[in-house]
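A.B. asks: Structure provided below as structure tokens; questions to follow.
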């Protein structure tokens with residue numbers, strides 16, 4: 001069964017889910033059609049098995065993010081989580097692509113996608129709330145925005161053929177850490193009549 005699942009991810013990556021055929025998967029896995037149908041009733045059934053696997057991986061990510069402080073240790077905690085997120089995304093990229101394509105028309109896959117997306121951002125939202133974000137920042141919305149940014153960043157890098165390497169992950173981590181975890185709530189805006197505001201007006 002493992003060979004079929006791994007082969008399916010390779011075929012989905014090469015041909016796309018819709019163009020992939022059971023014959024392609026069987027040939028790459030070096031097994032028979034009989035073995036395929038022993039485990040799965042069709043290609044959609046195999047995708048559901050991969051979705052469950054990917055969803056479990058995503059749910060595990062939610063439990064791995066510890067407290068994120070404004071110090072270097074907090075950055076390292078967030079960076080380690082970012083790395084695990086990236087590894088999971090790159091492993092299951094073909095599944096995620098097919099999953100999101102079909103979620104709009106398949107209620108079951110749509111529910112699984114909704115659950116997975118909420119799961120990976122729930123602990124992140126808690127960590128953002130613990131950090132005391134600026135007024136006007138909702139931790140849940142901020143966490144969802146971070147997950148969406150990471151997801152689309154991986155898509156863009158894949159599309160352009162650029163790697164999601166340590167430099168890229170360091171950059172993402174620093175952006176998120178500075179924006180949400182470095183005590184920006186303590187830096188209140190200056191009063192409208194401050195010297196900085198007056199100087200800015202004089203430059204207009």
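A.B. asks: Considering every residue within the stretch 29-47, establish whether at least one is out of contact with any helix residue (DSSP H, G or I) (no Cβ under 7 Å at 6 or more places or on another chain), surrounded by fewer than 16 Cβ atoms within 10 Å (Cβ to Cβ) and closer than 17 Å to residue 92 by Cα.
C.D. replies: yes
A.B. asks: Of all the residues that make up the stretch 32-68, how many are under 29 Å from residue 132 (Cα atoms) and not in a helix (DSSP H, G or I)?
C.D. replies: 6
A.B. asks: Whether any residue in the stretch 189-197 is touching a helix residue (DSSP H, G or I) at 6+ places or on another chain (Cβ under 8 Å), surrounded by 10 or more Cβ atoms within 10 Å (Cβ to Cβ) and either farther than 16 Å from residue 75 by Cα or modelled with pLDDT of 90 or more (or both) is what I want to check.
C.D. replies: yes
A.B. asks: May I pose another question? Here is a list: 159, 181. Which entry is modelled with pLDDT of 90 or more and closer than 30 Å to residue 90 by Cα?
C.D. replies: 181
Residue-by-condition table, conditions (1) over 19 Å from the mean Cα position of the chain (by Cα); (2) over 23 Å from residue 176 (Cα atoms); (3) outside any helix (DSSP H, G or I); (4) in the same structural domain as residue 180 (by TED's automatic domain parsing):
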residue: 11; (1), (2), (3), (4): yes, yes, no, no
residue: 14; (1), (2), (3), (4): yes, yes, no, no
residue: 24; (1), (2), (3), (4): yes, yes, no, no
residue: 70; (1), (2), (3), (4): yes, no, yes, yes
residue: 88; (1), (2), (3), (4): no, no, no, yes
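A.B. asks: Ok, one more. Go through (1) surrounded by 15 or more Cβ atoms within 10 Å (Cβ to Cβ); (2) at pLDDT 90 or above; (3) not in a helix (DSSP H, G or I) and name the single condition residue 133 misses.
C.D. replies: (2)
The values are calculated or read from the model by the stated rules, or taken from the named source; none is laboratory data. Keep in mind it's a predicted model, so treat the numbers as computed, not measured. Cβ coordinates were reconstructed from backbone atoms using ideal geometry, including for glycine residues, and neighbour counts include every protein chain displayed.
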